[in-house]
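Enquirer: Before anything else, here's the structure in question.
The values are calculated or read from the model by the stated rules, or taken from the named source; none is laboratory data. Source: prediction; values computed, not measured. Backbone-built Cβ (ideal geometry, glycine too); neighbour counts: all protein chains shown.
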Amino acid sequence: MARQAASEIGEEGKEFLAAALLHDIGKLESGFTIFGRVFATLCCSLFPLRKMEKWAQKNKGIRRRLIDYAKHPELGAKLLRRIGSKEQTITWVLEHHSESEKWETPREIAEILSSSDND
Ligand SMILES: [Fe+2]
Ligand SMILES: [Fe+2]
């Protein structure tokens, strides 16, 4: 059944499926556990990234990890590029928190991917 589903979605569909599954892979770089991720999500909501970057200029501890968490789209895209992922997958990973006007992923697909992401 999985094989049939895979053949029906085609190659491009597989790239979008990978994007849906891997869009937050960059969060692994921060090394946070579940509690840390909740804390980091709150911090990212409360403080702009440039403010957090000022905190971390001399600090490699938790502040650096918060910035890594905030930059998870870039870190995830870099990781996927390094392991040879398809370009459409990388594109969505990179832009999944961008404003919709900036999406390069086809709008219809991007809206589905975005609405299915609840973080
Ligand atoms: Fe994300
Ligand atoms: Fe997400």
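Enquirer: Can you name the residue in the stretch 98-119 that is of a type in the set (Gly, Ala, Ser) and in a helix (DSSP H, G or I) and, of all such residues, is nearest to residue 23 (Cα to Cα)?
Expert: Of everything passing the filter in the stretch 98-119, 114 is nearest to residue 23 (Cα to Cα).
Enquirer: Moving on to the next point. Considering each residue of the stretch 77-97, count those that are part of a loop (DSSP other than H, G, I, E, B) and either within 13 Å of ligand 2 (Cβ to nearest atom) or not polar (S, T, N, Q) (or both), and give that number.
Expert: Of the residues in the stretch 77-97, 5 are part of a loop (DSSP other than H, G, I, E, B) and either within 13 Å of ligand 2 (Cβ to nearest atom) or not polar (S, T, N, Q) (or both).
Enquirer: Please report, ordered by residue number, the helices (runs of 4 or more DSSP H) entirely within the stretch 1-61 with at least 1 residues that are more than 15 Å from ligand 2 (Cβ to nearest atom), surrounded by 10 or more Cβ atoms within 10 Å (Cβ to Cβ) and at pLDDT 90 or above. If you could, list the steps in order and put the result at the bottom.
Expert: Numbers: elements: 2-22, 34-46, 49-55.
It comes to 2-22, 34-46.
Enquirer: Since residue 74 meets every condition but one in (1) at pLDDT 95 or above; (2) assigned to a helix (DSSP H, G or I); (3) more than 12 Å from ligand 1 (Cβ to nearest atom); (4) surrounded by fewer than 18 Cβ atoms within 10 Å (Cβ to Cβ), which condition does it not meet?
Expert: Among (1) at pLDDT 95 or above; (2) assigned to a helix (DSSP H, G or I); (3) more than 12 Å from ligand 1 (Cβ to nearest atom); (4) surrounded by fewer than 18 Cβ atoms within 10 Å (Cβ to Cβ), residue 74 violates only (3).
Enquirer: Can you tell me which residue is nearest to ligand 2 (Cβ to nearest atom) among those in the stretch 102-111 that are closer than 25 Å to residue 42 by Cα and surrounded by fewer than 18 Cβ atoms within 10 Å (Cβ to Cβ)?
Expert: 111
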